[in-house]
Amino acid sequence: MIVVQSIFGWIILLWLETSFFVSLPWGLWATPLVFTVSLYFYQQHNWRFTLGWVFAYAIFLDFFHLGIVPLETISYSVGIFVAWFTARRWFSHRSFYGVLATMLSAYLSIIASQTIILFIQWFFHPEWVSWMAFYSFSGLRLILMSGLMLFLFPVIQRVQKLLQASFLLSRSW
Amino acid sequence: MFYSSRKTKFFLLLALMSLFLIVFFLPFHFTNVPFLIQSVLVRSGSWVTLQVQHWVGAATISPEELEELKAERDTYAVDYQELLQLREEKRQLESLLSFVDRQQHSYLSARVISRSASNLSSEFLIDLGESDGVEIGTSVVAGDGYFVGKVISTTTTTATVSPLTNRTSATAATLLNETRTIGIAQGEGGNILLLKYIPQDEQIEVHDLLVTSGLEQQVPGNLLIGIVTTVTTDSISPFQEAIIEPFIKIRELTAVAVLVKNTSL
């Protein structure tokens with residue numbers, strides 16, 4: 001049951017991000033919903049499988065060419081490793097700042113990996129790459145991620161209780 | 001907390017991948033259900049965007065007036081393009097090459113089900129795939145023949161479209177001016193195109209219309225692309241360039257038409 005719910009959760013997040021959020025105005029289209037929610041649950045609730053959500057998300061982006069740069073699976077794998085490492089060794093899961101720090105460090109590592117990939121692309125096709133667009137987009141994503149975390153932190157437990165009460169989520173979650 | 005055993009983890013990963021494959025690759029009718037949900041989500045997001053745009057612009061013009069003006073502009077653009085096309089056809093003694101070319105394609109309507117979040121590229125996913133006759137390079141249009149872009153990858157039930165505004169996109173295009181100037185419309189990211197490689201002696205004016213030239217195999221001619229907003233000339237360079245504003249805003253698209261080859265002809 002929990003397996004089905006976790007898959008269902010991933011699909012809902014994926015659809016929300018790649019279908020609904022991307023159609024919103026004012027830069028909200030850049031909201032990294034899957035990444036933020038996955039890392040929040042990973043660190044705050046120790047749901048290890050949510051790192052799999054991020055990985056599956058990266059495969060989805062690569063397969064359908066919907067990523068920011070090519071080979072998103074590599075970039076996101078680096079991000080998953082950094083998230084795993086920092087959550088275990090460096091940052092506390094008890095505070096908002098700890099979770100946010102894990103998230104930001106993981107996303108910064110993704111940006112670093114994307115920069116390398118984009119540099120290779122720029123080397124062969126300079127007309128395809130706009131560094132300004134890339135960094136403004138990445139900066140926007142960092143801001144939106146922090147904003148989403150500010151929203152998620154107090155709200156998510158209420159949603160969890162609501163879902164449990166309506167039997168959409170099992171009690172063990 | 002849970003999923004501590006390796007078996008559970010393996011099962012979870014397997015189940016996740018299986019579901020992913022079922023939803024996106026198998027050509028069963030139930031793929032319509034997720035596509036329908038995704039399409040509704042895309043429409044909802046676009047509706048919010050439209051409302052916000054109206055709300056922001058409300059100080060100067062009402063939403064209804066804005067819509068009317070946009071529709072009026074689009075009608076004029078289409079009429080003008082058709083008028084010029086008819087003149088050209090008459091001048092060439094009814095050489096119906098362009099007409100025949102148009103007739104060799106049939107339109108299939110498709111829903112936009114996912115988009116890229118990036119501002120570097122604006123690829124989007126549609127709910128038609130190889131089973132519907134969509135191939136790599138197939139043209140995608142919107143409205144009354146506005147060129148949107150080309151298909152860059154396909155699965156059985158889906159296709160990814162790279163819009164003409166992408167930096168990786170280049171489209172053979174013709175200006176509807178006196179000399180029918182031919183050039184390459186290169187995407188600049190965002191919602192702008194650059195018409196390159198126009199010889200210095202060509203006369204280009206602001207507000208000239210740009211259409212597809214038909215020189216590409218899977219892109220028919222005379223599909224509207226956009227309008228010239230700026231012309232830049234450099235005395236050192238042998239070419240001049242024009243900045244084009246496309247008629248279509250890619251992020252606002254919720255439905256498109258795919259031009260598939262008509263095999264009956």
Report, by residue number, each residue of segment A:2-13 that is surrounded by fewer than 22 Cβ atoms within 10 Å (Cβ to Cβ) and within 21 Å of residue A:67 (Cβ to Cβ). A:11, A:12, A:13
Which of the numbered conditions does residue A:37 fail, given that it passes all the others? Conditions: (1) of a type in the set (Val, Ile, Thr); (2) facing chain B (nearest Cβ under 9 Å); (3) surrounded by 22 or more Cβ atoms within 10 Å (Cβ to Cβ). (2)
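To keep it simple, each residue is scored yes or no on (1) closer than 27 Å to residue A:4 by Cα; (2) more than 14 Å from the chain's Cα centre (by Cα).
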{"position": "A:30", "(1), (2)": "no, no"}
{"position": "A:51", "(1), (2)": "yes, no"}
{"position": "A:79", "(1), (2)": "yes, no"}
{"position": "A:94", "(1), (2)": "no, yes"}
{"position": "A:102", "(1), (2)": "no, no"}
Quick check on my filter: what residues within segment B:205-238 are under 14 Å from residue B:181 (Cα atoms), touching a Gly at 6+ places or on another chain (Cβ under 9 Å) and either surrounded by 15 or more Cβ atoms within 10 Å (Cβ to Cβ) or of a type in the set (Val, Ile, Thr) (or both)? B:209, B:210, B:211, B:212, B:213, B:214, B:221, B:222
Kindly indicate the residue of segment A:1-34 that is within 22 Å of residue A:155 (Cα to Cα) and part of a loop (DSSP other than H, G, I, E, B) and also nearest to the other protein chains (Cβ to nearest Cβ) among those meeting that condition. A:24
Which one is nearest to residue A:132 (Cα to Cα) among residues in segment B:85-123 that are among the aliphatic types (A, V, I, L, M) and modelled with pLDDT of 75 or more? B:117
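Residues in segment B:65-75: is at least one away from chain A (no Cβ under 12 Å), at pLDDT 70 or above and farther than 27 Å from residue B:147 by Cβ?
Step one: of segment B:65-75, the residues away from chain A (no Cβ under 12 Å) are B:65-75.
Checking which are at pLDDT 70 or above leaves us with B:65-75.
Keeping just the survivors that are farther than 27 Å from residue B:147 by Cβ gives B:65.
Yes, segment B:65-75 contains at least one residue that is away from chain A (no Cβ under 12 Å), at pLDDT 70 or above and farther than 27 Å from residue B:147 by Cβ.
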Complete set of residues in segment B:140-152 that are under 16 Å from residue B:171 (Cα atoms) and assigned to a loop (DSSP other than H, G, I, E, B): B:145
Take residue B:56 and tell me if it is at pLDDT 70 or above, surrounded by 15 or more Cβ atoms within 10 Å (Cβ to Cβ) and not acidic (Asp, Glu). no
Right, residue A:100: within 13 Å of chain B (Cβ to nearest Cβ) and part of a helix (DSSP H, G or I) or not? no
Of those in segment B:109-139 that are within 14 Å of chain A (Cβ to nearest Cβ) and in a strand (DSSP E or B), the residue surrounded by the most Cβ atoms within 10 Å (Cβ to Cβ) is B:124
Within segment B:140-156, the residues that are crowded, with 24+ Cβ neighbours inside 10 Å and over 24 Å from residue A:69 (Cα atoms) are B:147
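Is there a residue being surrounded by fewer than 23 Cβ atoms within 10 Å (Cβ to Cβ) and either within 13 Å of chain B (Cβ to nearest Cβ) or assigned to a loop (DSSP other than H, G, I, E, B) (or both) anywhere in segment A:81-89? Show your work before the answer.
To start, the set of residues in segment A:81-89 that are surrounded by fewer than 23 Cβ atoms within 10 Å (Cβ to Cβ) comprises A:81-82, A:84-86, A:88-89.
With either within 13 Å of chain B (Cβ to nearest Cβ) or assigned to a loop (DSSP other than H, G, I, E, B) (or both) added as a condition, the list becomes none.
No, because not a single residue in segment A:81-89 is surrounded by fewer than 23 Cβ atoms within 10 Å (Cβ to Cβ) and either within 13 Å of chain B (Cβ to nearest Cβ) or assigned to a loop (DSSP other than H, G, I, E, B) (or both).
The values are calculated or read from the model by the stated rules, or taken from the named source; none is laboratory data. Worth saying up front: this structure is predicted, and the values here are computed from it rather than measured. Please note: Cβ atoms are built from the backbone with ideal geometry, for glycine as well, and neighbour counts cover all protein chains shown.
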